[in-house]
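Everything below concerns the one structure shown next.
The values are calculated or read from the model by the stated rules, or taken from the named source; none is laboratory data. If you're wondering where the values come from, they're calculated on a predicted model, not measured in any experiment. We place every Cβ from the backbone using ideal geometry, glycine too, and count neighbours over all the protein chains shown. Accessible surface areas use protein heavy atoms only, side chains included; no ligands, DNA or RNA. Shrake-Rupley method; radii C 1.70, N 1.55, O 1.52, S 1.80 Å.
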Amino acid sequence: MPNRRYNLPHLAFFQGFEAAARTLSFTKAAEELFITQSAVSRQIKALEDHLGIRLFERRPRSLALTENGQALHRISADVLERLQAATDQLREASRTRQLSITTTTGFASLWLIPRLQRFTSLHPDVDVRISATTDTLNLERSLVDLAVRYCPPESVPEGAVRLFGEEMIPVCAPALLRDRTRPLRRPQDLAHHVLLHFDYPGAHRTFMDWGTWLTSLGVGDLKAAGALHFSQYEQMIQAAISGQGVALGRQPLVNVLIQSGMLAAPFKQAMVGSRSYFIIESPLAAGKPHVRQFAAWLIEEVARDADREGPQSA
């Protein structure tokens, strides 16, 4: 493609002319542009010399546009407004890129938010907005860019990317393990402790409950010392951290809490869940680089955790 060279006066000349033509005053144009009145006058003179025409009729106490001046004002005002709109849009896009995410409250509280700073430090221009809910939102109708959903593999839409599965394992405060009057060495010892339950909303009911876990180990008839029920998963985990009982934790959601010593896993027996966490992008988010960057970062975080934990023993 041949090089194109525009034989045009400096853009500042058109800015000075547009302001003067709109206000019909070199003085007001100068105040608007934060330059001197003589600078505006020189810009107009240079523009007239370049075009070889008069743009203003200079009268003793007033200023008027010539016909050529009126025509040029209409064109220059339109071009400058379009340039301003384009630069404003580009500047805004480079300064703040909004990213809306929906996911479960447990995933948001226990896995995503504790590590979110790593993403925002890499992408400080991305405005991350998290909607934590057990409701399955329509991404297009809700104008949500991306979802991380906890669901069976057969229910995910085409194009969904599996983030990780889950294993259920009992967790409790380390102080409970130090209580010699109520040891926690084997699953049967749960009879001396309060069991913490997460009551799923009806549509989210799965087999992940104490009855199923105990039955899988042959102690399905175990009677616990008490029970506490919660409607939010992270509430149940907080109760476990504060020593109120033993919860059935989901790995890897609770892994950081175990590694930090806030929670302990008294038994090695784990139960593999039937659900996984999947990344689902809205069709409206297709082509948005920051949405793809966030999805890629989620996958990188899972790989980072796997590298840190190392190979699991058989």
If you plug each phi of segment 133-143 into the Karplus form 6.51 cos²θ - 1.76 cosθ + 1.60 with θ = phi - 60°, what whole-Hz ³J(HN,Hα) values come out, in order, with x for Gly and Pro? 7, 8, 6, 8, 7, 6, 4, 5, 5, 8, 6
Counting only residues 5 or more places away or on other chains, whose amide H sits under 5 Å from the amide H of V126 once H atoms are built in the peptide plane? R97
DSSP loop chymotrypsin sites (Phe, Trp or Tyr not before Pro) in segment 1-94 with at most 16 other Cβ atoms within 10 Å of their Cβ, which ones? Y6, F34
Sorted by packing (mean other beta-carbon atoms within 10 Å per residue), highest first, where do 251-257, 100-106, 300-306 land? 100-106, 251-257, 300-306
Using a probe radius of 1.4 Å on heavy atoms only, what accessible surface per residue do you get for segment 205-256? Whole Å² is fine. 43
Using θ = phi - 60° and the Karplus form 6.51 cos²θ - 1.76 cosθ + 1.60, what ³J(HN,Hα) does each residue of segment 73-90 get, whole Hz, x for Gly and Pro? 5, 4, 5, 5, 5, 5, 5, 5, 5, 5, 4, 5, 4, 5, 5, 4, 5, 5
Specify which labelled value, from [x] 7, 32, 40, 20, 2; [y] 4, 15, 20, 18, 14, 9, 7, 6, 3, 2, 1, 0; [z] 5, 20, 20, 13, 10, 8, 9, 8, 5, 2, 0, agrees with P(r) over Cα pairs in 10 Å bins from 0, in percent derived from the coordinates of the model shown. [z]
Work out the FRET efficiency for D127 and E154 from their Cβ-Cβ distance, taking R0 = 41 Å, and round it to the nearest 0.05. 0.75
Can you work out the FRET efficiency for the pair Y200 and L116, with r the C-beta to C-beta distance and R0 = 25 Å, to the nearest 0.05? 0.45
Estimated distance in nm for a label pair at R182 and S38, the labels positioned 7 Å out from Cα along Cα-to-Cβ: 9.0
Beta bridge orientation in the chain: antiparallel %, DSSP, nearest 5: 55
Fully extended, how many nm does the chain gain between E309 and T87 (0.36 nm per residue separation, minus their Cα-Cα distance)? 75.2 nm
So how tilted is helix 11-23 from the main axis of the chain? Cα-based, degrees 0 to 90, rounded to 10. 80
Run the simple label-point estimate for T66 and E167 please: 7 Å along Cα→C-beta, distance reported in nm. 8.6
For the chain, what relative contact order do you get, as a whole percent, if you take Cα pairs closer than 8 Å and at least 6 residues apart? 20
